[in-house]
Amino acid sequence: MSTRYSQSFKIQAVKKALNLSPEESIKDLAESLGVHYSTLRKWKIKFKKQAFSLPPDDNNTSIDMMKKEKRPQDWSSEEKLSMVITCASLDDEAFSTVCREQGIYPHHVTQWQQEFLQGMKTNPKAKIPSETKNLRLENKALKKELNRKDKALAETAALLVLQKKVNAIWGNDEDNLL
């Protein structure tokens, strides 16, 4: 099965390959793009030989298209959700085609889907279950009672210390009786 890639996709892939950091490999990039390693390597060789040139009649429109294409991080939440919904029912080949037409990669849509699912699971505004709420109220009441008892215990200890000092200074009442 042969997959055809648009000229702009090839150019963007080669640019990414040429701008790789030393820690990254072309094989990893090819895998993330969904392109075979040897295909990306051939595109890179053709690009260096300047075999990738935009058609003369299409030159301005291709440049305009590249200007209009947004980076994945520039997409709004509504656009991301729309793309996730659009791609949900597509098979892998159609999914890749739609992504290429939009100037993004399939892994971006998959990542957006995971972010939406995580957002639903960890929504900070989600209602607290009544059991958790009851436990928090009980915990608060117990802390308040413990604080009150600590204060009472401290007061009792202070009174005992004072009573001992009074007895040491003036003596015990029992001593006076004898």
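ALA51 fulfils the conditions (1) in contact with a helix residue (DSSP H, G or I) (Cβ under 9 Å, 6 or more places away or on another chain); (2) modelled with pLDDT under 85; (3) in a helix (DSSP H, G or I) except for a single criterion, (3). Which residue out of PRO22, PRO56 is at pLDDT below 85 and under 23 Å from ARG4 (Cβ atoms)? Unique residue meeting the criteria: PRO56. Among what's in the range 19-34 and is out of contact with any helix residue (DSSP H, G or I) (no Cβ under 7 Å at 6 or more places or on another chain) and part of a helix (DSSP H, G or I), pick the residue that is nearest to ASP92 (Cα to Cα). Top of the filtered list is GLU31.
Being acidic (Asp, Glu) and at pLDDT 90 or above, is that true of even one residue in the range 110-128? No, the range 110-128 contains no residue that is acidic (Asp, Glu) and at pLDDT 90 or above. Scanning the range 66-106 for residues that are assigned to a helix (DSSP H, G or I), among the aliphatic types (A, V, I, L, M) and modelled with pLDDT of 85 or more gives LEU81, MET83, VAL84, ILE85, ALA88, ALA94, VAL98.
Of all residue pairs spaced 6 or more apart or on separate chains, those with beta-carbon atoms under 9 Å, a first member in the range 15-44 that is more than 22 Å from SER96 (Cα to Cα) and a second member that is aromatic (Phe, Trp, Tyr) and surrounded by 13 or more Cβ atoms within 10 Å (Cβ to Cβ) are LEU18/PHE47.
The values are calculated or read from the model by the stated rules, or taken from the named source; none is laboratory data. Computed from a prediction, not measured in an experiment: that's the story for all the values here. With ideal geometry, Cβ positions are generated from the backbone for all residues, glycine too; neighbour counts draw on all protein chains shown.
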